[in-house]
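Visitor: Dropping the structure in here first, questions after.
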Amino acid sequence: MAHPQPFRPDPSGPVAIEATDPPPPGLLVVDLDALARNFRRVRDAASPAECAAVVKADAYGLGLAPVAARLWLEGCKRFFVATVDEGRELRRLLPDAVIYVLEGAPAGAEAALHASHLVPVLNSLEQIACWTGAGGGKAVLHVDTGMSRLGLTEREVETLAAQPGLLAGIDVDHVLTHLACADVPSHELNATQLYLFERLRRKLPAAPTSIGASAGIFLDPEHRGDLVRAGIGLYGGNPFADRACPVEPVVTLRARIVQVRDVCAAGTVGYGATHAVQPPCRLAVCAVGYADGYPRAVGNRCAASFDGVRVPVVGRVSMDLTCIDVSAIPADAIRPGDYVDLIGGAVTLDEVAAAANTIGYEILTRLGSRLERRYIGEF
Ligand SMILES: *Cc1c(COP(=O)(O)O)cnc(C)c1O
């Protein structure tokens with residue numbers, strides 16, 4: 001498979017970047033070896049359940065092709081995507097994988113699903129009828145137990161139980177449900193959903209189950225079922241709201257320093273003049289902004305990392321630029337062309353997400369196309 005040269009940061013320090021022409025303003029470095037270690041971690045935690053990888057939304061923004069190829073090399077055989085189009089793209093990359101499509105079989109998509117050997121996750125009686133009408137075959141049945149999003153309602157399950165002919169054309173691969181609050185293990189809805197799922201799945205044809213996503217994997221076997229669906233845990237985000245992160249970081253977001261300025265006089269930084277400098281101080285102006293998916297909301301609320309040292313983000317984040325107070329870094333140790341880590345080094349993805357009042361999932365999936373993606377490790 002054609003791919004860019006693996007990128008290895010200079011071990012002498014995370015700010016070293018190999019020479020390219022022109023130097024990229026922003027780099028998204030994806031460590032596929034760390035991804036592989038996280039896959040083994042979640043697979044081992046889930047065992048004896050099998051571990052599928054969720055690679056929707058371009059593998060959470062990290063790049064579908066390298067991520068899927070590497071997971072396949074690590075022995076992952078089953079993949080979940082959100083849409084039929086994502087499934088078609090993944091099929092071109094992995095001819096032999098089992099690919100599940102979470103949006104199921106929307107009317108009109110049956111031929112595309114069949115042509116690419118995709119397995120729809122059927123979410124409603126209409127989808128079951130569509131899939132059956134198009135010849136049927138292998139499918140997952142999704143039972144809603146508390147998300148009120150996709151999935152068969154309790155009533156629809158009763159209908160299927162009363163009219164088993166509705167499922168005659170369907171080879172039920174798994175019965176699936178999705179937990180709303182697994183990120184908060186003590187939440188009472190977890191037990192409620194598991195109880196309801198147990199009750200409803202017995203009314204459907206006997207099949208293996210799929211329950212847990214990344215958080216469920218690290219709870220008990222009840223939260224997993226026979227097939228778990230790991231997303232954020234593979235990509236280094238914390239699946240829990242109130243526990244330490246059980247996986248290692250995969251992504252580094254690096255911003256090139258355009259200018260370093262020593263500030264000797266009082267003044268303010270950026271739009272809205274929201275940060276007053278305390279002279280003497282040193283500012284680094286970095287070439288990544290909210291257009292790249294680095295959230296505007298983190299201005300004055302987050303740190304970046306320079307050579308492993310935490311340095312505060314000051315003023316508002318602009319579209320293409322972010323200012324960092326690097327007074328803690330000696331003048332001769334930092335210059336234009338060096339890179340600051342906005343995510344990575346001493347700053348975690350989840351910390352940036354919290355500063356922006358969101359979750360790691362949203363940060364990763366919004367990282368922009370202007371960032372140059374570089375991959376560490378084989379794929
Ligand atoms: C996105 C998604 C997952 C993956 O969840 P993570 O928390 O990222 O592991 C699993 N199942 C369903 C139905 C999803 O939509």
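Visitor: Rounded, prolate or oblate: which fits the stretch 45-190 when a ≥ b ≥ c are the square roots of the eigenvalues of the alpha-carbon gyration tensor, with rounded for a/c under 1.5 and prolate only if a/b beats b/c?
Guide: Oblate, because a/c is 1.5 or more while a/b does not exceed b/c.
Visitor: Between Thr365 and Lys77, what's the calculated FRET efficiency when r is the beta-carbon distance and R0 is 22 Å? Round to 0.05.
Guide: Working from the Cβ atoms, E equals 0.35.
Visitor: In nanometres, what is the gap between the two model label sites at Ser47 and Asp226, each 7 Å from Cα along Cα-to-Cβ?
Guide: Taking the simple label geometry, Ser47 and Asp226 are separated by 2.0 nm.
Visitor: Between Ala168 and Asp242, what is the spin-label point distance in nm, taking each point 7 Å from the Cα along the Cα→C-beta axis?
Guide: Spacing of the two 7 Å Cα→Cβ label points: 5.0 nm.
Visitor: What is the set of long-range amide H partners of Lys138 at a cut-off below 5 Å, with H atoms built 1.01 Å from backbone N?
Guide: Placed amide hydrogens put Asp171 under 5 Å from Lys138.
Visitor: Summing +1 for each Lys or Arg and -1 for each Asp or Glu, what net charge is found among the other residues whose Cβ lies under 15 Å from the Cβ of Glu86?
Guide: So the surrounding residues net to +2.
Visitor: Over the chain, with a Gaussian network built from C-alpha contacts below 10 Å, which listed residue (Leu62, Leu204, Leu102) shows the highest mean-square fluctuation?
Guide: Largest GNM mean-square fluctuation: Leu204.
Visitor: On to the next question. Hey, for a label at Ala266 modelled as a point 7 Å past Cα toward Cβ, could you say which residues of the stretch 305-331 have their backbone N under 19 Å away?
Guide: So the set is 315.
Visitor: What's the local net charge at Thr348, with K and R +1, D and E -1, over the other residues with C-beta under 13 Å away?
Guide: Charge balance near Thr348 sits at -3.
Visitor: Could you look at the chain and say what percent of its accessible area is carbon and sulfur, using a 1.4 Å probe and all protein chains?
Guide: 52 percent
Visitor: Please name which of Ile329, Ala297, Val247 has its Cα lying farthest along the dipole of the stretch 247-338 towards the positive end, using unit charges on Cβ (Lys, Arg +1; Asp, Glu -1) and the Cα centre as origin.
Guide: Ala297
Visitor: Among 123-132, 368-377, how do they line up from the highest to the lowest mean number of other beta-carbon atoms within 10 Å?
Guide: 123-132, 368-377
Visitor: Using only DSSP helix segments of four residues or longer, with each worth -39500 (n - 2.57), what per-residue ellipticity at 222 nm results for the chain after dividing by its residue count and rounding to 500?
Guide: It comes out at -7000 deg cm²/dmol, rounded to the nearest 500.
Visitor: Suppose every Lys and Arg Cβ carries +1 and every Asp and Glu Cβ carries -1, with no other charges. What dipole size does the stretch 24-144 come out with about its Cα centre, to the nearest 20 debye?
Guide: The dipole of the stretch 24-144 has a size of about 360 debye.
Visitor: Specify the angular offset, from 0 to 90 degrees and rounded to the nearest 10, of the alpha carbon long axis of helix 84-93 from the longest principal axis of the alpha carbons in the chain.
Guide: 80 degrees
Visitor: Okay, next question. Mind giving me the FRET efficiency for Ala276 and Thr358? R0 is 25 Å, r the Cβ-Cβ distance, nearest 0.05 is fine.
Guide: Calculated transfer efficiency: 0.40.
Visitor: Another one. Give the share of C-alpha pairs in each 10 angstrom bin for the stretch 180-291, from 0 to the last occupied bin, in whole percents, shortest bins first.
Guide: With 10 Å bins starting at 0, P(r) equals 12, 27, 17, 16, 14, 10, 4, 0.
Visitor: Rg(Cα) of the stretch 278-379 divided by 2.2 N^0.38 Å?
Guide: 1.06
Visitor: Given the chain, what whole percent of its Cα pairs are spread farther than 25 Å?
Guide: Pairs farther apart than 25 Å: 59 percent.
Visitor: Principal axis lengths of the stretch 28-79 from Cα atoms, whole Å, largest first?
Guide: Computed over the stretch 28-79, the largest-to-smallest principal extents equal 33, 19, 16 Å.
Visitor: May I ask you to give the solvent-accessible area per residue for the chain, in square angstrom, as obtained with a 1.4 angstrom probe?
Guide: Solvent-accessible surface per residue comes out at 43 Å².
Visitor: Okay, moving on. Packing-wise, with mean Cβ within 10 Å as the measure, how do 275-281, 190-196 rank, highest first?
Guide: 190-196, 275-281
Visitor: Quantify how much of the Cα-Cα distance distribution of the stretch 109-203 extends past 18 Å, in percent.
Guide: That fraction is 46 percent.
Visitor: Local charge sum around Ala52 (other residues, Cβ-Cβ under 11 Å, Lys/Arg +1, Asp/Glu -1)?
Guide: Here the charged neighbours net out to +2.
Visitor: Out of every Cα pair in the stretch 323-379, what percent are spaced more than 13 Å from each other?
Guide: Here the long-distance tail beyond 13 Å is 74 percent of all Cα pairs in the stretch 323-379.
Visitor: If R₀ is 30 angstrom, what is the calculated FRET efficiency for the pair Glu158 and His117, using the beta carbon separation as r and rounding to 0.05?
Guide: 0.40
Visitor: Ranked highest first by the average count of other Cβ atoms within 10 Å around their residues, in what order do 182-189, 113-120, 143-150 fall?
Guide: Result, highest mean Cβ count within 10 Å first: 113-120, 143-150, 182-189.
Visitor: Between Ala303 and residues 5 or more places away or on another chain, which pairs have amide H atoms under 5 Å apart, with H built 1.01 Å from N, and which residues are they?
Guide: Under 5 Å from the amide H of Ala303 lie the amide H atoms of Val313, each far enough along the sequence or on another chain.
Visitor: What do you get for the angle between helix 188-201 and the principal long axis of the chain? Use alpha-carbon atoms, 0 to 90 degrees, nearest ten.
Guide: It is inclined by approximately 30 degrees.
Visitor: Among the aspartates and glutamates, select those whose C-alpha is under 15 Å from the C-alpha of Lys56, and discard any that sit fewer than 8 residues away in the same chain.
Guide: Cross-link targets: Asp85, Glu86, Glu89, Glu103, Glu362.
The values are calculated or read from the model by the stated rules, or taken from the named source; none is laboratory data. Every value quoted in this text rests on a predicted model; they were computed, and no experiment measured them. Every residue, glycine among them, receives a Cβ derived from its backbone with ideal geometry; neighbour counts consider all protein chains shown. Remember, those area values only see protein heavy atoms, side chains included, never the ligands or the DNA or RNA. Shrake-Rupley method; radii C 1.70, N 1.55, O 1.52, S 1.80 Å.
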